[in-house]
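Comments concern the structure below.
The values are calculated or read from the model by the stated rules, or taken from the named source; none is laboratory data. All values reported here derive from a predicted model rather than from experimental measurement. Counting neighbours? That spans all protein chains shown, and the Cβs are built from the backbone with ideal geometry, glycine included.
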Amino acid sequence: MPTLLQAATSQVGRKILTGLTGVFLVLFIIFHLGGNLAIFGEPDAMNRYSMILHDFGPLLWVARIGLLAVFLIHAWIGISIWLKKRKARPENYAVYSSKGGPSKQSLSSRTMAFTGIVLLIFVIFHINTFALGDMETVLIDGRETHDVKALVIDTFSNSAFYAFGYAFTMLLLGAHLGHGVWSAFISLGMSGKKSSAIMYTVGTVIAIVLAVGFLFIPLYIYFGGGCEAALIQCT
Ligand code: HEM
């Protein structure tokens, strides 16, 4: 009988692990977009959300490190599957075809390794900018808390590099999820012809909503002039 490690590192085991870690990451990204959209809510909504997160104290760091570990496992297995495929098929085909149902080969599927590596580098840079960045403090319900909202607004309204760099990376996020969500569902067993077609549509919709939701934030802040923008209340 194979050990758990042998099962997890087998070809099927690795596909299932990329699928499971991918689903977990998408759930985090949906939750994170919800928190970020609070920037358009009541003046203190985003900082209140951040305060609730920070109230978890050291547990927040346990969650962040756990999340990074899931990210690294997902990237490591994803890259190893990609390298194996490349080794088996070193020449790029001029025409992509698939056995059975219609091919799901697309620019999104062929650039998974590239978009994935860019996203991994982005997350490290991003945590350094926003989770570890220098912040003022504000009072919420008489308690001093980090002014994460001001940091986000200052960063995007004063720097075209950040605003457009983030917007571009969010397009890559959309491209990665466009193929990734469907692929995760297939790896987790929804590979019937009909369910595959439904999951492809579901994956595309999730990818578009998340990419547009995230890229709207830096571009709106940049072009709207930060606190001057109609949808943002700073006081
Ligand atoms: C416009 C896009 C984004 C904005 C404005 C944004 C904003 C933020 C902010 C303000 C924090 C710090 C939260 C706090 O400490 O209170 C944070 C943390 C984080 N962000 Fe983002 N984020 C964006 C996109 C993303 C994307 C696309 C990912 C993943 C692919 C991501 C992953 C993370 C992670 C892993 C953390 C650390 C965990 C946490 O504190 O929640 N972010 N982000």
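Worth a mention:
- Remark: pairs (first residue in the stretch 180-198, more than 21 Å from Ile29 (Cα to Cα) and surrounded by fewer than 19 Cβ atoms within 10 Å (Cβ to Cβ); second residue at pLDDT below 85 and not charged (D, E, K, R); Cβ separation under 7 Å; 6+ apart in sequence or on different chains) = Lys193/Gly101; Ser196/Gly101; Ser196/Met190.
- Flag for Asp134 being out of contact with any Leu (no Cβ under 9 Å at 6 or more places or on another chain) and under 29 Å from Asp55 (Cα atoms): no
- Flag if Leu68 is hydrophobic (A, V, I, L, M, F, W, C), within 12 Å of the ligand (Cβ to nearest atom) and touching a residue at least 24 places away in the same chain (Cβ under 8 Å): yes
- For the stretch 133-178, a residue qualifies if it is among the hydroxyl-bearing types (Ser, Thr, Tyr) and surrounded by 17 or more Cβ atoms within 10 Å (Cβ to Cβ), and the qualifying residues are Thr145, Thr155, Ser157, Tyr162, Tyr166, Thr169.
- Residue count, the stretch 199-210 (criterion: farther than 20 Å from Thr21 by Cβ and surrounded by 14 or more Cβ atoms within 10 Å (Cβ to Cβ)): 3
- Of the residues making up the stretch 7-64, those that are in a helix (DSSP H, G or I) and either among the charged types (D, E, K, R) or within 16 Å of the ligand (Cβ to nearest atom) (or both) number 40.
- Subset tally (residues that are polar (S, T, N, Q) and within 14 Å of the ligand (Cβ to nearest atom)) for the stretch 164-222: 1
Here's the yes/no breakdown for (1) touching a residue at least 40 places away in the same chain (Cβ under 8 Å); (2) in contact with a His (Cβ under 7 Å, 6 or more places away or on another chain); (3) of a type outside the set (A, V, I, L, M, F, W, C):
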position: Val202; (1), (2), (3): no, no, no
position: Leu210; (1), (2), (3): yes, no, no
position: Pro218; (1), (2), (3): yes, no, yes
position: Cys234; (1), (2), (3): yes, no, no
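- Residue within the stretch 217-228 that is surrounded by 20 or more Cβ atoms within 10 Å (Cβ to Cβ), in contact with a Leu (Cβ under 6 Å, 6 or more places away or on another chain) and not aromatic (Phe, Trp, Tyr) present: no
- Which listed residue, of Val152, Val205, is more than 23 Å from Ile39 (Cβ to Cβ), modelled with pLDDT of 95 or more, of a type in the set (Val, Ile, Thr) and assigned to a helix (DSSP H, G or I): Val205
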